[in-house]
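S.K.: Quick one: structure below, then a few questions.
The values are calculated or read from the model by the stated rules, or taken from the named source; none is laboratory data. What you see is a predicted model; the values in this text were computed from it and never measured. Positions of Cβ are backbone-derived with ideal geometry, glycine not excepted, and every protein chain shown enters the neighbour counts. Side chains included, ligands, DNA and RNA excluded: accessible areas come from the protein's heavy atoms. Shrake-Rupley method; radii C 1.70, N 1.55, O 1.52, S 1.80 Å.
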Number of protein chains: 2
Amino acid sequence: KELNIDEKNVLFVYGKGSIKKNNIYNEVKNNLKNHNVIELNNIKPNPDLNKVFEGIKLCKENNIEAVLAVGGGSVIDTSKAIAASYYVNDVWDLFEQKENIEKALPIYTILTISATGSEMNGNSVITNEKENKKWAIRNILLNPKITIIDPSIQKTLPKIQTANGAMDTLSHIMEFYFTFETEETMIALNESLMKSTIKATDILLNNPEDYHARENLCWCATLALNGISGTMGNGGEWQCHLIEHGLSAFKKDLDHGKGLSIIFPAWINYVHNNKPIFKRWAKEIWNKDNVEDALIEMKNKFKSWGLPISLNEVNIYEKDIDEIVDIIIKSPPRNSFIKELNKDDYKKILISCLKV
Amino acid sequence: KELNIDEKNVLFVYGKGSIKKNNIYNEVKNNLKNHNVIELNNIKPNPDLNKVFEGIKLCKENNIEAVLAVGGGSVIDTSKAIAASYYVNDVWDLFEQKENIEKALPIYTILTISATGSEMNGNSVITNEKENKKWAIRNILLNPKITIIDPSIQKTLPKIQTANGAMDTLSHIMEFYFTFETEETMIALNESLMKSTIKATDILLNNPEDYHARENLCWCATLALNGISGTMGNGGEWQCHLIEHGLSAFKKDLDHGKGLSIIFPAWINYVHNNKPIFKRWAKEIWNKDNVEDALIEMKNKFKSWGLPISLNEVNIYEKDIDEIVDIIIKSPPRNSFIKELNKDDYKKILISCLKV
């Protein structure tokens with residue numbers, strides 16, 4: 001497979017070395033044999049700001065002209081933050097929205113796990129561990145110039161990572177979906193994506209090598225957050241992501257997908273108020289006549305995928321809640337269309353999902 | 001509404017003057033008061049090559065730097081052909097694929113009827129009346145730089161034009177849809193678009209001013225041919241478009257939508273062979289257990305929209321068929337995935353839809 005990178009000096013970013021096991025590392029190095037390649041690796045989930053600093057230093061020392069991310073969302077998001085912050089004094093100012101992104105290095109990606117949709121959008125989420133902040137930047141300049149999505153390289157993923165990715169995909173669709181009212185086209189389109197995601201995941205967790213299910217899940221993950229799923233809309237709700245970023249800023253080894261599988265049912269339960277869009281979702285996605293039954297069905301589905309549905313399962317307890325709420329309310333505020341949430345609401349939602 | 005055109009010298013292309021009735025013409029002129037504006041108008045449906053020549057001449061005489069299309073598919077396609085062929089000696093060579101599009105003027109569009117999807121793709125279909133050819137070019141350089149889709153300006157459309165647009169939209173989706181086999185994501189997504197198109201059209205033909213139905217139909221039409229509906233696929237079948245282009249090259253005042261409402265049921269009937277994708281379509285879109293019943297349902301729907309379902313209704317008769325088949329088989333060949341068709345097949349399909 002050919003990846004044509006125009007620039008000469010390339011920062012090659014990857015994770016913890018799984019790409020050395022499945023030969024992608026060698027293919028990339030071979031493909032770049034006429035480039036000057038500097039490597040940045042050991043990127044972890046919930047990627048840390050320090051790695052961004054490290055990458056920027058490498059860029060400056062080596063006159064880097066482009067960033068190649070080979071990995072999943074963490075690797076791509078780290079690469080985007082490096083590409084964006086190469087031109088500013090203090091990287092974190094972009095996340096604090098004290099400075100704007102005016103320029104960025106070109107970004108190329110080879111996706112190794114479908115989940116965040118980062119391969120076809122301009123979003124980057126980085127954790128500032130010192131300040132307990134898991135915050136985001138977003139700019140069209142950070143959209144990858146070329147992305148390669150080859151489903152076959154995902155067949156060796158551990159099942160839990162497939163499940164995490166599917167959960168992230170569903171969550172992106174739902175953050176948009178529930179805010180639609182009259183936009184029948186987008187309601188129906190997002191229902192088709194949710195159903196396809198669930199179908200493909202059910203198949204893959206029995207048979208991880210099913211190519212067609214894998215390509216379908218890959219494409220659902222990309223479409224869930226490449227812009228299409230939110231068209232005609234207001235930008236989406238994103239409250240569950242706000243809460244989950246609080247959880248994983250508090251507990252840094254928590255998989256994003258696992259945080260979401262706990263929070264989403266609790267949030268829906270707290271806000272739905274039998275609004276028509278939630279009742280429609282119950283019927284169309286879960287074939288249930290009311291939201292309560294749909295929530296039971298959804299939680300059973302998540303359990304069957306190996307995902308947690310309560311905080312205790314991931315070792316978060318009642319004593320931790322105040323600190324998590326504090327992290328949440330110190331995050332940049334988000335628009336809400338379904339229900340504005342305050343400190344007390346966040347606390348109630350988190351308490352409601354402590355135990356199964 | 002603001003339309004920011006960077007270039008100074010603009011060719012403003014529109015149709016037969018309906019934009020003068022609903023004030024769009026004045027808004028555009030006002031918006032462009034600091035530009036040098038040259039007008040090209042009176043573009044007709046099944047737009048003619050001679051108008052493209054006329055536009056190129058105006059471009060050369062006036063040092064035109066950008067083309068603004070205000071209208072539907074015919075106006076946009078004419079504008080694209082002008083933008084593409086400004087740089088070649090003989091325009092038609094691009095359509096005959098004797099020359100490639102290497103460069104094009106930037107194109108801006110304000111859409112006044114949703115149908116062809118031309119507002120968000122790089123396709124242009126032009127009729128060479130002298131040679132009885134209705135042929136296409138396609139290049140990413142012809143994608144409009146900015147498109148404005150304002151559903152409210154379509155509320156005054158005659159019902160038959162709304163129906164024609166809906167038919168064109170459905171046809172684009174179906175040209176892709178039936179070629180999918182294992183791509184569940186795209187099968188389901190395209191089903192959602194077909195259902196939304198039908199729902200919105202049913203509402204609009206009763207109440208043309210329903211804003212939500214209009215915005216939904218608009219967005220379906222754009223998504224049907226902006227690239228999304230065909231992802232994961234092979235490029236689509238496009239046999240019905242080939243046949244319809246034969247019909248309207250033969251009968252130049254035939255609406256594209258009306259040609260399609262006649263041809264699509266006849267083509268499905270000829271090729272379906274009870275393949276799973278056709279049976280799924282019968283169930284999902286028409287709630288029928290077999291393709292024959294779905295075809296009856298579809299034809300009834302088209303009739304209820306005021307569209308013809310037989311050639312005789314548009315004054316095409318058995319004596320004309322050989323000439324139409326001749327036009328079809330002289331067109332550039334297309335890939336077929338469902339069924340390759342030869343001269344005899346085209347003839348049989350056309351004869352099968354002579355009468356209701």
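S.K.: As a test, work out the antiparallel percent of DSSP beta bridges whose residues both lie in the range B:62-175, rounded to the nearest 5.
M.R.: 40 percent
S.K.: Kindly provide the chymotrypsin sites (Phe, Trp or Tyr not before Pro) of the range B:267-356 that DSSP labels as loop, not H, G, I, E or B, and whose Cβ sees at most 11 other Cβ atoms within 10 Å.
M.R.: B:Tyr317
S.K.: Need one number: % antiparallel among DSSP beta bridges in chain A, to the nearest 5.
M.R.: Once the DSSP bridges in chain A are tallied, antiparallel ones form about 25 percent.
S.K.: To continue, here is another question. For the protein assembly as shown, build the charge dipole from Cβ charges (+1 Lys, Arg; -1 Asp, Glu) around the Cα centre, then report which of A:Ile203, B:Ala69, B:Ile137 sits farthest towards its positive end.
M.R.: A:Ile203
S.K.: Taking a probe of 1.4 Å and counting only protein heavy atoms, give the total accessible area buried between chains A and B in Å², rounded to the nearest 100.
M.R.: 1800 Å²
S.K.: Follow-up. Under the definition of partner shielding as Cβ atoms of other protein chains within 10 Å of a residue Cβ, what is the mean value for peptide A:175-187?
M.R.: Whole-number average of other-chain Cβ neighbours for A:175-187 is 4.
S.K.: For chain A, what does -39500 (n - 2.57) per DSSP helix run (n ≥ 4), summed and divided by total residues, give at 222 nm, in deg cm²/dmol to the nearest 500?
M.R.: -15000 deg cm²/dmol
S.K.: What does the net charge come to around A:Asp322 if you take all other residues with beta carbon closer than 15 Å to its beta carbon, with K and R at +1 and D and E at -1?
M.R.: With Lys, Arg at +1 and Asp, Glu at -1, the neighbours total 0.
S.K.: Label the range B:202-272 by shape, choosing from rounded, prolate and oblate, from the square roots a ≥ b ≥ c of the eigenvalues of the Cα gyration tensor; if a/c is under 1.5 it is rounded, and otherwise prolate applies when a/b is larger than b/c, oblate when it is not.
M.R.: It is oblate, given that a/c is not under 1.5 and a/b is not larger than b/c.
S.K.: Further question on the same structure: Using a/c under 1.5 as the rounded threshold, could you call the range A:206-356 rounded, prolate or oblate? The axes a ≥ b ≥ c are square roots of the C-alpha gyration tensor eigenvalues, and prolate needs a/b larger than b/c, oblate otherwise.
M.R.: rounded
S.K.: Taking chain B as a Gaussian network, Cα atoms linked when under 10 Å apart, which of B:Pro47, B:Pro151, B:Pro332 shows the biggest mean-square fluctuation?
M.R.: Of B:Pro47, B:Pro151, B:Pro332, the Gaussian network model singles out B:Pro332 as fluctuating most.
S.K.: Using DSSP H assignments, which helices in chain A have an axial alpha-carbon span of 18 Å or above and a mean Kyte-Doolittle hydropathy of 0.5 or higher?
M.R.: A:256-271
S.K.: Kindly tabulate the residues in the range B:188-226 with an accessible-area decrease of at least 20 Å² between the chain alone and the assembly of all protein chains, using a probe of 1.4 Å.
M.R.: Residues of the range B:188-226 that lose at least 20 Å² of accessible area once the other chains are added: B:Ala188, B:Leu189, B:Ser192, B:Ser196, B:Lys199, B:His212, B:Glu215, B:Asn216, B:Trp219, B:Leu223.
S.K.: If you take every residue apart from B:Leu354 with its C-beta less than 12 Å away from the C-beta of B:Leu354, what net charge results, scoring Lys and Arg +1 and Asp and Glu -1?
M.R.: Cβ neighbours under 12 Å give a net charge of +1.
S.K.: Would you mind getting the accessible area per residue of chain B, heavy atoms of the protein chains only, 1.4 Å probe, in Å²?
M.R.: With the other protein chains kept in place, chain B gives 41 Å² per residue.
S.K.: Over chain A, calculate the relative contact order: mean separation of alpha carbon pairs under 8 Å at least 6 apart, over the residue count, as a percent.
M.R.: After rounding, I find 14 percent.
S.K.: Oh, and also: Taking the Cα centre of the range B:43-197 as origin, sum charge times position over the Cβ atoms of Lys and Arg (+1) and Asp and Glu (-1), and report the length of that vector in debye to the nearest 20.
M.R.: For this selection, approximately 500 debye.
S.K.: Quick one: with all protein chains in place, what share of the accessible area of the range B:1-146 is carbon or sulfur, to the nearest percent (1.4 Å probe)?
M.R.: Reported share for carbon and sulfur atoms: 44 percent.
S.K.: May I pose another question? Counting only C-alpha contacts under 8 Å and six or more residues apart, can you give the relative contact order of the range B:70-133 as a whole percent?
M.R.: 48 percent
S.K.: How much net charge surrounds B:Glu99 when only other residues with a Cβ under 13 Å from its Cβ are counted (Lys, Arg +1; Asp, Glu -1)?
M.R.: Summing Lys and Arg as +1 and Asp and Glu as -1 gives -2.
S.K.: Taking amide H positions as placed 1.01 Å from N in the peptide plane, with prolines and chain starts having none, which residues 5 or more places from B:Leu68, or on another chain, fall under 5 Å of its amide H?
M.R.: Those qualifying (amide H under 5 Å, at least 5 residues apart or on another chain) are B:Leu11, B:Phe12, B:Val13, B:Tyr108.
S.K.: Now, a different point. Report in % the part of the accessible area of the range B:226-267 that belongs to carbon and sulfur, leaving out ligands and nucleic acids; probe 1.4 Å.
M.R.: Heavy-atom surface of the range B:226-267 belonging to carbon and sulfur, 1.4 Å probe: 49 percent.
S.K.: Using θ = phi - 60° and the Karplus curve 6.51 cos²θ - 1.76 cosθ + 1.60, what whole-Hz ³J(HN,Hα) does each residue of the range A:147-153 get, with Gly and Pro shown as x?
M.R.: Karplus-based 3J(HN,Hα) across the range A:147-153 equals 10, 10, 10, 10, x, 5, 6 Hz.
S.K.: Identify the trypsin sites (Lys or Arg not before Pro) of the range A:16-81 meeting these criteria: DSSP loop state and at most 10 other C-beta atoms within 10 Å of the C-beta.
M.R.: Hits after loop and neighbour filter: A:Lys33.
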